[in-house]
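The values are calculated or read from the model by the stated rules, or taken from the named source; none is laboratory data. The model shown is predicted, which means the values in this text are computed figures rather than measured ones. In this analysis, Cβ positions are derived from the backbone assuming ideal geometry, glycine residues included, and neighbour counts consider all displayed protein chains.
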């Protein structure tokens with residue numbers, strides 16, 4: 001991470017990384033998603049929670065070699081190593097696809113609570129220490145006013161997250177302190193789960209398409225369903241390390257190839 005990126009992440013709790021995926025990678029990932037939904041999933045126009053216009057499915061990392069490659073994408077590894085430590089692991093992953101007019105997912109997060117070990121952000125002795133953190137890969141543009149990912153910058157350090165009104169959490173009112181970052185297909189957005197964030201109603205004329213890969217320090221877990229690297233196609237040693245279950249012991253480090 002550059003000094004400016006460290007400043008921005010510490011300040012806001014999220015960071016946009018431009019052009020992580022090439023146009024060819026975006027095209028292929030969209031093709032994989034289309035083929036997988038047609039082949040393996042019913043598409044009633046709502047997700048498992050009954051939210052209409054949404055398609056949300058877990059374990060997209062196992063869909064194809066292209067989605068598997070996102071586990072340790074070389075553009076993302078340096079950020080994960082710095083934010084979570086070299087023993088980080090993939091905790092869970094899924095997609096969120098939203099058709100025009102699709103319903104929102106309310107604002108959530110902020111430090112502490114009964115899951116405080118996951119929703120944490122701390123700067124200590126020159127390091128940023130994070131709990132569960134998310135890499136969102138965008139397969140479609142999200143311009144200003146389109147909706148989708150939204151957050152309250154800086155709220156990963158707040159002491160008063162419980163004071164955010166319900167109408168703000170439900171996006172019935174959008175105050176000046178909330179933002180919906182603009183992104184393009186191929187961009188990635190990294191954020192800490194300590195950040196107050198959610199999903200605004202989708203207002204664009206095209207489908208919102210995003211893959212969310214959620215990572216944690218090697219000794220922590222949010223999901224209780226662990227990965228089995230043997231479920232993947234010829235996983236590399238690096239991917240096997242990232243897919244291992246949590247452990248309080250020393251883990252083999254994830255390294256950035258030079």
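Which of the residues belonging to the range 186-206 are touching a strand residue (DSSP E or B) at 6+ places or on another chain (Cβ under 6 Å), part of a loop (DSSP other than H, G, I, E, B) and under 19 Å from residue 32 (Cβ atoms)? First the steps, then the outcome.
Here is the first cut: in the range 186-206, the residues touching a strand residue (DSSP E or B) at 6+ places or on another chain (Cβ under 6 Å) are 187-192, 194-200, 202.
Cutting the leftovers down to part of a loop (DSSP other than H, G, I, E, B) gives us 187, 194-196, 202.
Correct list: 187 only.
I'm checking my understanding of the structure. Among residues of the range 56-65 that are surrounded by fewer than 15 Cβ atoms within 10 Å (Cβ to Cβ) and over 16 Å from residue 89 (Cα atoms), which one is modelled with the lowest pLDDT?
Filtering the range 56-65 for residues surrounded by fewer than 15 Cβ atoms within 10 Å (Cβ to Cβ) gives 58-59, 65.
Okay, now just the ones that are also over 16 Å from residue 89 (Cα atoms), so 58, 65.
Working: 58: 93, 65: 97.
Ranking the qualifying residues of the range 56-65, first place goes to 58.
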Number of positions in the range 229-238 that are assigned to a loop (DSSP other than H, G, I, E, B) and touching a helix residue (DSSP H, G or I) at 6+ places or on another chain (Cβ under 7 Å): 3
Tally, over the range 239-250, of residues that are buried (at least 17 other Cβ atoms within 10 Å of the Cβ) and not in a loop (DSSP other than H, G, I, E, B): 4
Residue list for the range 162-177, restricted to those being in a loop (DSSP other than H, G, I, E, B) and either closer than 27 Å to residue 31 by Cβ or free of Cβ contacts under 8 Å to residues at least 40 places away in the same chain (or both): 165, 172, 173, 174, 175, 176, 177
Among residues of the range 208-228, those that are surrounded by 15 or more Cβ atoms within 10 Å (Cβ to Cβ), under 20 Å from residue 64 (Cα atoms) and in contact with a helix residue (DSSP H, G or I) (Cβ under 8 Å, 6 or more places away or on another chain), counted: 5
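If I filter the range 122-143 down to residues being assigned to a strand (DSSP E or B) and under 16 Å from the mean Cα position of the chain (by Cα), which single residue comes out as modelled with the lowest pLDDT? Give the steps one after another, and end with the answer.
Here is the first cut: in the range 122-143, the residues assigned to a strand (DSSP E or B) are 122-124, 127-130, 133-138, 142.
Now restrict to residues that are under 16 Å from the mean Cα position of the chain (by Cα): 130, 133-138, 142.
Details: 130: 93, 133: 96, 134: 97, 135: 98, 136: 98, 137: 98, 138: 98, 142: 97.
Top of the filtered list is 130.
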